[in-house]
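I have placed the structure first, in the form of structure tokens, so that the comments after it can refer back to it.
The values are calculated or read from the model by the stated rules, or taken from the named source; none is laboratory data. Quick caveat: nothing in here was measured; it's all calculated off a predicted structure. Please note: Cβ atoms are built from the backbone with ideal geometry, for glycine as well, and neighbour counts cover all protein chains shown. SASA here: full protein model, heavy atoms, side chains in, ligands and nucleic acids out. Shrake-Rupley method; radii C 1.70, N 1.55, O 1.52, S 1.80 Å.
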Amino acid sequence: MSKKLTTRETDYSKWYNELVVKAGLAENSGVRGCMVIKPYGYAIWEKMQAELDKKFKETGHENAYFPLLIPKSYLSKEAAHVEGFAKECAVVTHYRLKNAEDGSGIIVDPEAKLEEELIIRPTSETIIWNTYRKWIQSYRDLPLLINQWANVVRWEMRTRLFLRTTEFLWQEGHTAHATKIEAVKEAKTILDIYADFAQNYMAMPVIKGVKSESERFAGAIDTYCIEGLMQDGKALQAGTSHFLGQNFAKAFDVKFTSKEGKREYVWATSWGVSTRLMGALVMTHSDDLGLVLPPNLAPIQVVIIPIHRTEEELNLISERVDKIVKKLRKLGVSVKFDDRTSFKPGWKFAEYELKGVPLRLAIGPRDLENGTIEVARRDTLEKNTISQENIENYIVTTLEEIQQNLFDKALNYRDTHITEVETFEELKEVLNTKGGFVSAHWDGTDETEEKIKELTKATIRCIPLNNKKEEGKCVFSGEKSEQRVLFAKAY
């Protein structure tokens, strides 16, 4: 198969785009800015969904579904929120089409104009909080812990598969609480869930932090985030959890009667991750040969390829492989036996290398005689011939090793690409040469943050939650600073 990719060193952006398409994850659709997620890509997303959904439910959250269409008046109730999303909203103005009288085709019926325009949801805070007004009356109704798996639309001018598309898939949690303390705890709990998932399933190390004021979610008091570092030295925001205070409760008049009999506004959070995680997964681990998938999220963890010349040899190999497959599936390993005769083994090797399957097993007539099997690792490209006896235990152990190895490799890259600087010249130098996160003092003003962004194209990715307080001077203004923040160029 033709799988040659542009190398990362030659053109990282082109490498990424080619890989997503050639590996069968997604492709551009007939709708500008929108993508088709193909079965192999969707299988990875389903595994992400399953693990996250399990974690949400373990912490008491329930799934629900709210309308795709939101009345325009709902968005205007929370000023900061509407200002943050106004430029990205797709608007429905009519409800009917008709044939043009001149026979030129279908047109929008001008007589079918909506009394109030509807917005295709860019996010669901407004429609959900309008609903919560009916659901919440007493402290007994709290906390209300709801999650929604859905699609959203944000009109984008420059799109890239998975990383930034007009329509994308995500989950969005929306919770209501009796106290500020409970709401802040919820926002941080979800952040921990996201970080745990990124590190233990995606094998992607992340930094947990809080956003600067200018980078916060529109309408939030605080935005907590996880930030990953891609192989090209750019940061990627992989998930956010927002403490909304009482802003949406006041905007939609959501009150509850407390134990003391007082009417009070509830406290809120919202949080989400999207199919952007797919882009993060690709860019964290993959190489010039194709995808490299961590076993915990690989749709196919093990592929077995027969090496044969005759149908009789294939039948004998299939008989032996069937026993191995059954043992592996009993242990929860996802395994595929590719016995297609329409493709040669070499073509199959290349295909599964491109698709990032963690382990590839090859078995031929000589292996049947010797009781052996060839095992190839996708992460290190190592090949070993081992005994078929207790092969299932070897495979389970090796998959665990691959998962850990991918995390360790990504962690080492991330940690060696966090650079402390003291001057603006140093900051620019690191951003332009080494890349990665640049740890520098900041005076806390929007003006300084905006000026640094204007001059370097780097933003404050986060203020790490475990930050140590240390006095210093702002890298740009020279004014007093209490702590360092992390700057980086980002997706």
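List of remarks:
- Taking amide H as placed 1.01 Å from N in the peptide plane, the amide H of residue 244 sits under 5 Å from that of 221, 268, 269, 270, each at least 5 places away or on another chain.
- Anisotropy class of segment 139-250 from Cα gyration tensor, a/c 1.5 cut: prolate
- Within the full protein context, the accessible area of residue 95 is estimated at about 130 Å² for a probe radius of 1.4 Å.
- Helix axis angle, 446-456 relative to the chain longest principal axis, alpha carbon, degrees: 40 degrees
- Principal-axis tilt of helix 39-58 within the chain, Cα atoms, nearest 10 degrees: 60 degrees
- 222 nm mean residue ellipticity, helices alone, for the chain (DSSP H n ≥ 4; -39,500 (n - 2.57); rounded to 500): -11000 deg cm²/dmol
- Answer label, with Rg/Rh (Cα atoms, Kirkwood Rh) calculated from the coordinates and candidates (1) 1.03; (2) 0.98; (3) 0.95: (1)
- Simple rule: put +1 on each Lys or Arg Cβ and -1 on each Asp or Glu Cβ in the chain, find the dipole, and look at 406, 372, 7; the Cα lying farthest toward the positive end is 372.
- Sorted peptide list for 262-271, 365-374, criterion being average Cβ within 10 angstrom, highest first: 262-271, 365-374
- Sequence-distant residues sharing a close amide H with residue 34 (under 5 Å, placed H): 29, 166
- For segment 62-103, the gyration tensor built on C-alpha atoms gives an oblate shape. Its axis ratio a/c (a ≥ b ≥ c) is at least 1.5, and a/b is not larger than b/c.
- The string of couplings for segment 272-278 from the Karplus curve (6.51, -1.76, 1.60, θ = phi - 60°) is x, 10, 9, 5, 4, 4, 5 Hz, one whole number per residue in order, with x for Gly and Pro.
- Stretch gain in nm, segment residue 59-residue 387, where the contour uses 0.36 nm per residue and the Cα spacing is subtracted: 113.7 nm
- A protection proxy built from the mean count of other Cβ atoms within 10 Å ranks the segments 354-362, 184-192, 10-18, most packed first, as 354-362, 184-192, 10-18.
- Using the Karplus relation 6.51 cos²θ - 1.76 cosθ + 1.60 with θ = phi - 60°, the per-residue 3J(HN,Hα) values for segment 162-171 come to 6, 6, 7, 10, 4, 10, 8, 9, 7, 10 Hz, with x marking Gly and Pro.
- Distances between placed amide hydrogens fall under 5 Å for residue 123 paired with no residue 5 or more residues away or on another chain.
- Charged-residue dipole, Cβ positions (Lys, Arg, Asp, Glu), the chain about Cα centre, Debye nearest 20: 620 debye
- Cα long-axis angle, helix 424-433 against the chain (0 to 90 degrees, to the nearest 10): 30 degrees
- The listed residues 76, 258 rank as 76, 258 when sorted by accessible area, largest first, using a 1.4 Å probe.
- Carbon plus sulfur fraction of accessible area for the chain, probe 1.4 Å, in percent: 48 percent
- For segment 423-491 versus segment 139-161, the spacing of their alpha-carbon centroids is 30 Å.
- Inter-centroid distance (Cα atoms) of segment 210-248 relative to segment 298-325, Å: 47 Å
- Backbone N within segment 151-180 under 18 Å of label point (7 Å from residue 88 Cα along the Cβ vector): 151-174
- Peptides 289-296, 162-169, ordered by how many other C-beta atoms sit within 10 Å of their residues on average, highest first, read 289-296, 162-169.
- Sequence-ordered 3J(HN,Hα) estimates for segment 307-312 from the Karplus curve with 6.51, -1.76 and 1.60 and θ = phi - 60° stand at 10, 8, 10, 10, 5, 4 Hz, glycine and proline given as x.
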